[in-house]
Amino acid sequence: MKKIAIVFLTIITLTACQQQKIGFVDNGILINEYQERVDIEAKLQTKIDAFKMRTDSLRSAFELEIKEAELKARKMSQSDIQKLSQELQQKEQVLSQRVQFEQQQIAQESQTLNDSIINKVKDFVQTFGKSNSYNFILGSNEAGSVLYGEDASDLTQEILKALNESYTKD
């Protein structure tokens, strides 16, 4: 009798498993090819390029100031050279702090925007899964969370297309 019950439970379990709808997406493709992310990355790159130009300009001006100070120092007393040296060190410190502050701001903005994109994609996949009656949508990545999946179960391009269409509508 126990064997019959075990066989019956196994059949019920297998039948239940066969009715589940499962798909997967390539997380890297989904995130990297999402148009909103591409647009945001382009805007951030513009900011980074402008930052680099400002930084290069400030450093060039400071280097010119150092060269001028070196020429002046030849005609100065030792105490005046020390004062000039301290002034230049303070300017260099302010310049370095300014550059570091801007770098941190850009990095923080980038992290915030990336987190926002990831959350949007997760929410979209969840909504897609519910509206298309999926029990599971798994994410594959470089680490191999999905080691194998039939091409028919790969929803990456379908979800990416719908995600990008949703973005262009907004």
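Quick notes
- Residue in region 55-74 that is open to solvent by 90 Å² or more (accessible area, probe 1.4 Å) and not in a helix (DSSP H, G or I) present: yes
- Only a single item in (1) open to solvent by less than 50 Å² (accessible area, probe 1.4 Å); (2) in contact (Cβ under 8 Å) with a residue 40 or more places away in the chain; (3) small (G, A, S) is not met by S133, and it is number (1).
- Filtering Q157, Q104, Q126 for residues that are surrounded by fewer than 11 Cβ atoms within 10 Å (Cβ to Cβ) and assigned to a helix (DSSP H, G or I) leaves a single hit, Q104.
- Among residues that are among the polar types (S, T, N, Q), open to solvent by less than 100 Å² (accessible area, probe 1.4 Å), out of contact with any Pro (no Cβ under 9 Å at 6 or more places or on another chain) and under 26 Å from K47 (Cβ atoms), Q97 is not included.
- Tabulated pairs, region 72-99, first under 19 Å from D56 (Cα atoms) and in contact (Cβ under 8 Å) with a residue 24 or more places away in the chain, second of a type in the set (S, T, N, Q) and in a helix (DSSP H, G or I), C-beta under 6 angstrom, 6+ apart or interchain: V99/T55
- Condition check for L147: surrounded by 12 or more Cβ atoms within 10 Å (Cβ to Cβ) and either under 26 Å from the mean Cα position of the chain (by Cα) or at pLDDT below 95 (or both): no
- Test result for E41, open to solvent by 100 Å² or more (accessible area, probe 1.4 Å) and either small (G, A, S) or without any contact (Cβ under 8 Å) to a residue 60 or more places away in the chain (or both): no
- Residue within region 142-153 that is part of a helix (DSSP H, G or I), more than 30 Å from Q45 (Cα to Cα) and touching a strand residue (DSSP E or B) at 6+ places or on another chain (Cβ under 7 Å) present: yes
- Out of Q78, Q35, Q20, Q111, sole residue that is surrounded by fewer than 12 Cβ atoms within 10 Å (Cβ to Cβ) and at pLDDT 95 or above: Q111
The values are calculated or read from the model by the stated rules, or taken from the named source; none is laboratory data. The model shown is predicted, which means the values in this text are computed figures rather than measured ones. Neighbour counts are summed over all protein chains in view; Cβ atoms, including those assigned to glycine, are modelled from backbone coordinates with ideal geometry. Ligands, DNA and RNA are stripped out before the accessible areas are found, and what is left, the full protein with its side chains, is counted by its heavy atoms. Shrake-Rupley method; radii C 1.70, N 1.55, O 1.52, S 1.80 Å.
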